[in-house]
Amino acid sequence: MRHSKPPAKLAMVVVLPLLLLCYGVGNVHCSTVHENSEDFQSLLEFKKGILDHNGALNNWNTNTHFCRWYGVNCTSTRRPLRVTQLNLSGKNLGGNISSSLGNLAFLEKLDLSNNSFYGPIPDALTNCSNLAYLLLSGNHLTGVIPPTIGFLTSLKRVFLDNNYLTGGIPAALRNITNLQILSFTQNQLTGSIPHEVMQMPNILELHLNQNNLSGGIPEVWQMPNIELLDLSQNYLTGRLPQDLSNVSSLGGLSLTSNMLGNTLPSNIGYALPNLTVLLLASNNFEGPIPASLGKPAGLETIDISDNRLTGQIPNSLGNLTVLSYLNLEKNMLQATDNEGWEFLHTLGNCRSLSAFSLSRNNLQGTIPNSIGNLSISLTRLLMSENNLSGIVPPSIGKLSSLFQLSLDHNNLTGTIKEWVGNMTKLELLDLQLNSFIGTIPPSIGRLTRLTKLYLSYNNFQGGIPVELDNLGQLTTLRNIPSSFSNLYTLSMLNISHNNLSGPLPAFLNDLKTITKLDIPYNNFQGEVPTNGVFANATIISLDDNPGLCGGATDLHFRSCHVMNKKGRAVNYLIKILIPIFGFMSLVLLVYFVLLERKRSRAYMSSEQSFGEHFEKVTFSDLTQATRDFSESNLIGRGSYGLVYRGKLKESKMEVAVKVFDLEMRGAERSFVAECEALRSIQHRNLLPIITACSTVDNIGNVFKALIYELMPNGSLDAWLHHKGDEEAPKRLSLTQRISIAVNIADALDYLHHDCGRPTVHCDLKPSNILLDDDMNALLGDFGIARFFADPQSTWAGSISSIGMKGTIGYIPPEYGSGGHVSTSGDVYSFGIVLLEILIGKRPTDAMFMDGLDIISFVENSFQSQIFDVIDVHLVEECKNLTQDKNVPEKEINKCLLDLVQVALSCTRSLPSERSNMKQIVSEMHAIKVSQLGWMTCKKMGYV
């Protein structure tokens, strides 16, 4: 009898084949989707170490073929499929770059640029022997450039710019014979440029600018195909190589802001026939401008400003028919006779010339009539601070396209003729500090685009034409007809140092927008009003007008009372009392003089290095405090030296010691400027100075240093842009970011409006903003600050012309196009810093290119898509506030939008359209109060 199978065994017989079948199907599926396990596993390993804030890698899973993962490209015909490209640019990714990418043996392009990757570049990448494009710009990478990069012989383009890479440039780059573009811009690379790097045979572009490279430029260049070479903003010394024959293909050469010197190669124009851009500004070049510079037919831009060039300007520059930008300012170039001025005639051949500066040279004599033959396209002509004399030739009126004409700080004489009225596109006209006479021509009234007019320190006489009331765009004037009451936008009026007379125009009281009225050194007469603009003594200057009387008490003018009987009695009494008080004053004066002498002797007995109330420190003290200025105590690098951490022996105080490198041009001036600023200004949000030291070191070299209180929380830059070696980087909360911005706004408001004489910082950026124990922000580094002699002026007496002051990315646009250093420039920089605080990206981030900058990036997402640009960590905090803390989303949105609105109002391209710091401070404090309000309500459970 046959027994039937037990039900359990029967089930196993049926189920087991099904399981095997399923297992087989599963294997088939896996082998179809991920048949290349090596590349698949390498990508998964890479993903493990990534912080993916926006979910860019959400489809990187086993349900999708890895060749269809976002950013991954594979071979199209080869089996098994292999990864050839990984492109994850600008996806807000963070974390370390995994060495597993080195297993992608067929990888040809790796693009991780514009993210937040940190840590070192993995050595394992050198296993990718087919790699042709390595794009890692705009991250937070640290460490050295791997010397093994020389093994990647297939590389064509390498972009490592805008990181924190240190160490030297590997000489092994010479082995990459196919390399076409190499960019290490804006890192912290040190050492000299290896000769081997300047011998790459197929290189087209080499960008080593904005690093800390030193030493000379290698003498022999072997780059027969080079088109663009940028070594600017380093510490390079020595001379420009005299033999340039091996780089005749060079089209663009930038060596700006180094310490290069000696003469320029006399054959530079012949050796570089394809040159289109030549930027050699801010070095120590001397001698004449080579005549051969007029040889390259395609030369469009020449900037050799801020050097020590001498001699005459060569006539050959007139051969450059496509020249559009010529900046020769801040040199010692000469023109004393007709021959010396001949260059001006030949430049008439440059019909594309749009910007031309000769400011701050040794040009003498009369401006030739040939100036009128310059290009009709010329928009900026700057001839300030020379020794020009005689009249301005009427032919200058032919330059009808000018936006800016600056002839200030010369010895020009005669009257201003009708030529000025032909320049109807002028926005800035600067004729101050000359010897012009006569009346102001009515034709100036035709300059309806004019926003800034400087006429002070001349010898103008007579009435002022009523036609000037047509200047409706005017924001700054240094002249005053009664019709000016129609100038509703006028904020500053300066007509000082002329011979204007008569009563003060009553209409001045009606100018509601006036923030500064300067009319000293004239002959105005009569009573000063006590209402309107004249009620505020802090914004007006009326000194040296002997005929004025009355006015507000703070102006200290004599009274304008009518001499009645009572008045005569008072006058008689005064005549009696004056001698008595005079004698008593003389006695008191003698007493105080003797007392002061006694005090002076006491002070002189102990020499002070920085004024009477500052602590005295010696070079020996600072050497001991900083452990002989050891590298381990180095905490920062500035434009003119190094900053060390230290501890003073006597006071036991922890300090930051800023040591100036006096071999750098401008360092001495920076030291003096910072001393001048810090001795006279005090504010809770300005970095407090302890003392200064000006002495000699142990071997007799001049030594200068400033000693500050050490800020334990470092700089704002370090909090916004973390380096990769931080295990758990701290982040700024929304409250902290707002508080820091308010602190800096308060500091700038004080500098611009409340410190006695307006001060422009000129270099506002996160690295110059320090944070104390309580995360209060303090503004430091006044090394290039500008000060103004008159108490309320917002414009400097000298101009920066085409040259720029400050740090790239934070410099207002007008500084780069001939504008004056001004408080409006600081306002622009504040706006950029506020945007950086909100979005967490520098204005020089590599993502900002092809017309996109930090301002337009934010503007494009303003209102409806603001969270697309806000710093990802700030977005995370805002989500937590709404989800976990029940803060209304509309309150957070309004706060962020208000902050962005303030920032954008500061960064308008025209200075006249920007808010001033008084307005900004008011808005920032309102935002802070509102934010603290709903945060407080949240804590108390009201929301």
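Efficiency by 1/(1 + (r/R0)^6): what FRET value for L904 and E709, r their Cβ-Cβ distance, R0 = 25 Å, to the nearest 0.05?
0.15
In nm, what is the difference between 0.36 nm times the number of residues separating R68 and N274 and their Cα-Cα distance?
Here the answer is 69.6 nm.
Say R0 is 25 Å: what FRET efficiency, to the nearest 0.05, do N61 and Q865 get from their beta-carbon distance?
Between N61 and Q865 the formula returns 0.35.
For a Förster distance of 56 Å, can you work out the FRET efficiency between the beta-carbons of S249 and D544, rounded to the nearest 0.05?
Efficiency for this residue pair is about 0.35.
Report for the range 237-412 the percent antiparallel among DSSP-assigned beta bridges with both residues inside it, nearest 5.
So the antiparallel bridges amount to about 0 percent of the total.
Any idea what the relative contact order of the range 826-886 is, in percent, if you count C-alpha pairs under 8 Å spaced at least 6 apart?
Computed value for the range 826-886: 32 percent relative contact order.
Count neighbours as other Cβ atoms within 10 Å of each site's Cβ, and list the trypsin sites (Lys or Arg not before Pro) in the range 345-415 that are DSSP loop with at most 16 such neighbours.
For trypsin sites (Lys or Arg not before Pro) across the range 345-415 that sit outside H, G, I, E and B with at most 16 neighbouring Cβ atoms in 10 Å, the list reads R351.
Taking a threshold of 21 Å on the Cα-Cα distance, which of the pairs K330/K417; K330/K765; K730/K890; K616/K704 fall above it?
Cα-Cα > 21 Å for K330/K417; K330/K765; K730/K890; rest within.
Specify the inter-centroid distance of the range 147-169 and the range 868-909, based on alpha-carbon positions, in whole Å.
The distance from the Cα centre of the range 147-169 to that of the range 868-909 comes to 38 Å.
By how many nm would the segment from D554 to E631 grow when fully extended, if each residue of separation counts as 0.36 nm and the alpha-carbon distance is taken off?
22.3 nm
Relative contact order, percent, of the range 354-471 when contacts are C-alpha pairs under 8 Å separated by at least 6 residues?
20 percent
Label points 7 Å out from Cα along the Cβ direction at T439 and K652: separation in nm?
7.7 nm
Sum up the charges of everything whose Cβ sits under 11 Å from the Cβ of G547, counting Lys and Arg as +1 and Asp and Glu as -1, but leave G547 out.
Net local charge, G547 excluded: -1.
How much net charge surrounds L250 when only the other residues with a Cβ under 15 Å from the Cβ of L250 are counted, with Lys and Arg +1 and Asp and Glu -1?
Charge balance near L250 sits at -4.
Label T735 and L51 with points 7 Å out from Cα along Cα→Cβ: what is the distance between them in nm?
A separation of 2.2 nm, rounded to one decimal place.
So how far apart, in nm, are the two label points at S192 and T148 if each is 7 Å from Cα heading toward Cβ?
Spacing of the two 7 Å Cα→Cβ label points: 2.9 nm.
Excluding D111 itself, calculate the net charge of residues whose Cβ lies under 14 Å from the Cβ of D111, where each Lys or Arg counts +1 and each Asp or Glu counts -1.
Residues close to D111 contribute a combined charge of +2.
Read-outs: derived from the displayed coordinates by stated rules, not from any lab. Computed from a prediction, not measured in an experiment: that's the story for all the values here. Quick reminder, even Gly has a Cβ in these numbers, built from the backbone with ideal geometry, and neighbours come from all protein chains shown.
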